[in-house]
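Only one structure is covered here, and it is reproduced in the block below.
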């Protein structure tokens, strides 16, 4: 690592929490190349990741494992992410797990529905470098203001301001 890399946030190990407990992530993404990229970045930053490409498997996984955060794509075959958020195992898991929607859909109605169904965050993939997802996850788990839903880059703050 070069001397200047210590000032570059993309080269810092941002994923380690202060108590050194690994953040456990469930990544639900049907596109293999995107999932591999996110897994690489998240694991490189100290997070434990389980990636699932078939949304139907989420129900089985949540019945046997607990996660801190679910990164959920919306556009998937068989079951879309919003429908998945309505399933009883996901509803029950939301009591202890944060859900961050990770999609390229920017329609106001979809954003509102995701938050109404219990999403803690909404990220547009095309507007966020994969490395920036580390900060989004950490801010979602430990918000600076309890109950605060931070905009990722300010873009949806103009479009939709979630109610606390």
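The values are calculated or read from the model by the stated rules, or taken from the named source; none is laboratory data. Just so it is clear, the model here is predicted, and its values are computed rather than measured. Neighbour counts run over all protein chains shown; Cβ positions are idealised from the backbone, glycine included.
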| Does at least one position in the stretch 98-110 carry a residue that is in contact with a helix residue (DSSP H, G or I) (Cβ under 9 Å, 6 or more places away or on another chain), closer than 16 Å to residue 26 by Cβ and not in a strand (DSSP E or B)? | no
| query | Can we say residue 151 is surrounded by 14 or more Cβ atoms within 10 Å (Cβ to Cβ), modelled with pLDDT under 90 and touching a helix residue (DSSP H, G or I) at 6+ places or on another chain (Cβ under 8 Å)? | reply | yes
| message | So, in the stretch 62-71, exactly how many residues are touching a helix residue (DSSP H, G or I) at 6+ places or on another chain (Cβ under 9 Å) and surrounded by fewer than 17 Cβ atoms within 10 Å (Cβ to Cβ)? | response | 2
| note | Residue pairs within 8 Å by beta carbon, gap of at least six or interchain, first lying in the stretch 66-88 and on the phi > 0 side of the Ramachandran plot and in contact (Cβ under 8 Å) with a residue 24 or more places away in the chain, second assigned to a loop (DSSP other than H, G, I, E, B) and buried (at least 21 other Cβ atoms within 10 Å of the Cβ), listed first then second, are 78/55
| Every residue from the stretch 72-93 that is outside any loop (DSSP other than H, G, I, E, B) and touching a helix residue (DSSP H, G or I) at 6+ places or on another chain (Cβ under 7 Å) | 72, 82, 84, 89, 90, 93
| Looking at residue 74, is it at pLDDT 90 or above and buried (at least 17 other Cβ atoms within 10 Å of the Cβ)? | yes
